[in-house]
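The values are calculated or read from the model by the stated rules, or taken from the named source; none is laboratory data. Bear in mind the structure is a predicted one, so any value in this text is a computation, not a measurement. As a convention, Cβ positions derive from the backbone with ideal geometry for all residues, glycine included, and neighbour counts pool all protein chains shown.
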Protein chains: 2
Amino acid sequence: MTSEQSDTRQKILDAASELFYQRGIQHVGINEIIAISGVAKRTLYRWFHSKDQLIEAVMKHRAEQWLHWFESAVEDRGKTPKERLLATFDVLHSWYADPNFRGCPFINAVLEIADATHPAHHVSVNVRDSIRQYVMRLAAEAGVTDPDAFSQQYLLLIGGASLVATIEGTPSGADNAKNVLSVLIDANYKR
Amino acid sequence: MTSEQSDTRQKILDAASELFYQRGIQHVGINEIIAISGVAKRTLYRWFHSKDQLIEAVMKHRAEQWLHWFESAVEDRGKTPKERLLATFDVLHSWYADPNFRGCPFINAVLEIADATHPAHHVSVNVRDSIRQYVMRLAAEAGVTDPDAFSQQYLLLIGGASLVATIEGTPSGADNAKNVLSVLIDANYKR
DNA sequence: CTCCATGGAGACAAATCTGTCTACCCCGTA
DNA sequence: TACGGGGTAGACAGATTTGTCTCCATGGAG
């Protein structure tokens, strides 16, 4: 896994990433990607054997980026574990409110590609699991009684909030989720 | 709005509905729909001007069916409003556990069709609103302090549970959602 | 100087897919 | 009996998409 990837490869990845996200993976053709990235079709196919492989690479790249962004944004906003748990939905709120927000790319990918065996599906499952483990760790540090169950409840909230943002087009789901979360945390202390 | 629709039209609608759901709207061609429904292409286009119009009709039909099924299943399982609120997630659990379950068709439609102006998008928004109003009514009857806020929190849970069922492939999200819901109901009484 | 890997430009094959059009059939009814 | 609405069958136009292939340019290594 050479960390020193080609510049051309990166240009393709960036263009594809942006196009896939803004307009939907299925609705973006190879021709468009090469037009935006300013790369020849022959070149694209030298780096990626097929569109599916390109999709996979884009999603893996996005997953790394996103998780890093999310966790560091959360750590900037909260000091104690409990603060950080609640801050996650402030971070998400700002994401949902961004004018370029077009839904959670990982949820989008799963539902846009019906096939559950597609590599992009696994990437999304992994992202969800990474989030769950991160939350579980915070919950354990915060002294929540059952961090595992708590983290699964958390996944409901983040999924629900993302869906509201995508379908209704409003970040308000994040606020509601934050309220529910604080109720859940309280309920898991005094028991 | 003649309720006495043609038999042929209904056959097309049924075949399209099933195919769209099982394999994804975008991945089903007109030719497949006419093959399954045993109808000539000319006939399909006499009843539906375009594929988009067929999609719209299918989604509207599914929305009616689903809401009716959901509400009556809930009313079968619970007597009091509070019981019914909790029973919603038992009903959803049985839905998610069905071997033919392929995700919530309304969420699928929105994310599969990137275009937010597509009629199918509106259908999905309407379904969510119908659910919200139904829950809000139950919550009011159950004596919850703020039924409106409660119903929005509920939407998070049902969305989250559906997502878990679709992505992870397990109905367990419904159980977690039910637990969260009961915590929420309690929190909204004593305040 | 000569390879050869990397890249650009774009024609082209092959497969889809939507929607139209022709030609014909059946059946109830005026 | 003649007509017209609804139906079947399927060829076909037109557009689009992925992936291959040819031809050419450049620039660094041996």
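Of the residues making up the stretch B:86-101, not a single one is touching a residue at least 12 places away in the same chain (Cβ under 8 Å), of a type in the set (Asp, Glu) and within 14 Å of another protein chain (Cβ to nearest Cβ). Restricted to the stretch A:33-61, and to residues there that are within 16 Å of DNA strand D (Cβ to nearest atom) and of a type in the set (Lys, Arg), the residue that is nearest to the other protein chains (Cβ to nearest Cβ) is A:Lys51.
Does the stretch B:67-80 contain any residue that is away from DNA strand D (no atom under 15 Å from the Cβ) and buried (at least 20 other Cβ atoms within 10 Å of the Cβ)? First the steps, then the outcome.
Step one: list which residues in the stretch B:67-80 are away from DNA strand D (no atom under 15 Å from the Cβ), which gives B:67-80.
Now narrow it down to the ones that are buried (at least 20 other Cβ atoms within 10 Å of the Cβ): B:74.
Yes: one or more hits.
Condition first: over 24 Å from A:Glu112 (Cβ atoms) and either within 17 Å of the chain's Cα centre (by Cα) or not basic (Lys, Arg) (or both). Can you find one or more residues in the stretch B:14-25 that meet it? Scanning the stretch B:14-25 turns up at least one residue that is over 24 Å from A:Glu112 (Cβ atoms) and either within 17 Å of the chain's Cα centre (by Cα) or not basic (Lys, Arg) (or both). All conditions in (1) outside any helix (DSSP H, G or I); (2) in contact (Cβ under 8 Å) with a residue 60 or more places away in the chain hold for A:Ser130, with the sole exception of (1).
Being modelled with pLDDT under 95 and in a helix (DSSP H, G or I) is a property that B:Asp186 has.
Kindly indicate whether any position in the stretch B:28-49 is closer than 24 Å to A:Val164 by Cβ and either in a helix (DSSP H, G or I) or modelled with pLDDT of 95 or more (or both).
No, every residue in the stretch B:28-49 fails to be closer than 24 Å to A:Val164 by Cβ and either in a helix (DSSP H, G or I) or modelled with pLDDT of 95 or more (or both).
Restricting to the stretch A:5-23, and then to whatever is among the polar types (S, T, N, Q) and away from chain B (no Cβ under 14 Å), can you tell me which residue is nearest to DNA strand C (Cβ to nearest atom)? Among residues in the stretch A:5-23 that are among the polar types (S, T, N, Q) and away from chain B (no Cβ under 14 Å), the one nearest to DNA strand C (Cβ to nearest atom) is A:Thr8.
Based on this model, can you work out whether A:Ile185 counts as buried (at least 16 other Cβ atoms within 10 Å of the Cβ), of a type in the set (Val, Ile, Thr) and more than 9 Å from chain B (Cβ to nearest Cβ)? Considered against the rule, which asks whether it is buried (at least 16 other Cβ atoms within 10 Å of the Cβ), of a type in the set (Val, Ile, Thr) and more than 9 Å from chain B (Cβ to nearest Cβ), A:Ile185 comes out as yes.
Quickly run through the stretch A:28-61 and pick out the residues that are small (Gly, Ala, Ser) and either within 16 Å of A:Ile113 (Cβ to Cβ) or away from DNA strand C (no atom under 12 Å from the Cβ) (or both).
Initially, the stretch A:28-61 is screened for residues small (Gly, Ala, Ser), giving A:29, A:35, A:37-38, A:40, A:50, A:57.
Of everything in the stretch A:28-61, those that are small (Gly, Ala, Ser) and either within 16 Å of A:Ile113 (Cβ to Cβ) or away from DNA strand C (no atom under 12 Å from the Cβ) (or both) turn out to be A:Gly29, A:Ser50, A:Ala57.
From the list B:Glu71, B:Glu83, B:Glu64, the lone residue that is over 18 Å from the mean Cα position of the chain (by Cα), more than 14 Å from chain A (Cβ to nearest Cβ) and either part of a helix (DSSP H, G or I) or within 16 Å of DNA strand C (Cβ to nearest atom) (or both) is B:Glu83.
Of the residues making up the stretch B:135-180, those that are surrounded by 19 or more Cβ atoms within 10 Å (Cβ to Cβ) and not in a helix (DSSP H, G or I) are B:Val144, B:Pro171. Check B:Ile55 against each of (1) within 22 Å of B:Ala15 (Cα to Cα); (2) of a type outside the set (Ser, Thr, Tyr); (3) in contact (Cβ under 8 Å) with a residue 12 or more places away in the chain; (4) surrounded by fewer than 18 Cβ atoms within 10 Å (Cβ to Cβ) and name the one condition it does not meet. For B:Ile55, the exception is condition (4).
Only residues that are free of Cβ contacts under 8 Å to residues at least 12 places away in the same chain and within 18 Å of the chain's Cα centre (by Cα) were counted in the stretch B:148-163, giving 1.
Of all the criteria given as (1) at pLDDT 95 or above; (2) within 18 Å of the chain's Cα centre (by Cα); (3) at negative phi, the one not satisfied by A:Gly103 is (3). Annotation note: Cβ proximity below 6 Å between a residue of the stretch A:24-51 that is aromatic (Phe, Trp, Tyr) and a residue that is within 11 Å of DNA strand C (Cβ to nearest atom) and part of a helix (DSSP H, G or I) (sequence gap 6+ or interchain) occurs for A:Trp47/A:Arg9. Among the residues that make up the stretch B:106-118, is at least one of them away from chain A (no Cβ under 14 Å), in contact (Cβ under 8 Å) with a residue 24 or more places away in the chain and either out of contact with any Lys or Arg (no Cβ under 6 Å at 6 or more places or on another chain) or part of a helix (DSSP H, G or I) (or both)? No, that holds for no residue.
Of the residues B:Thr170, B:Thr145, only one is out of contact with any Cys (no Cβ under 9 Å at 6 or more places or on another chain), touching a residue at least 24 places away in the same chain (Cβ under 8 Å), β-branched (Val, Ile, Thr) and within 30 Å of A:Thr117 (Cβ to Cβ); which?
Details: B:Thr145 fails: within 30 Å of A:Thr117 (Cβ to Cβ).
Answer to the selection: B:Thr170.
So, A:Gln26, is that one within 14 Å of chain B (Cβ to nearest Cβ) and near DNA strand D (Cβ under 9 Å from one of its atoms) or not? Against the criterion (within 14 Å of chain B (Cβ to nearest Cβ) and near DNA strand D (Cβ under 9 Å from one of its atoms)), A:Gln26 qualifies.
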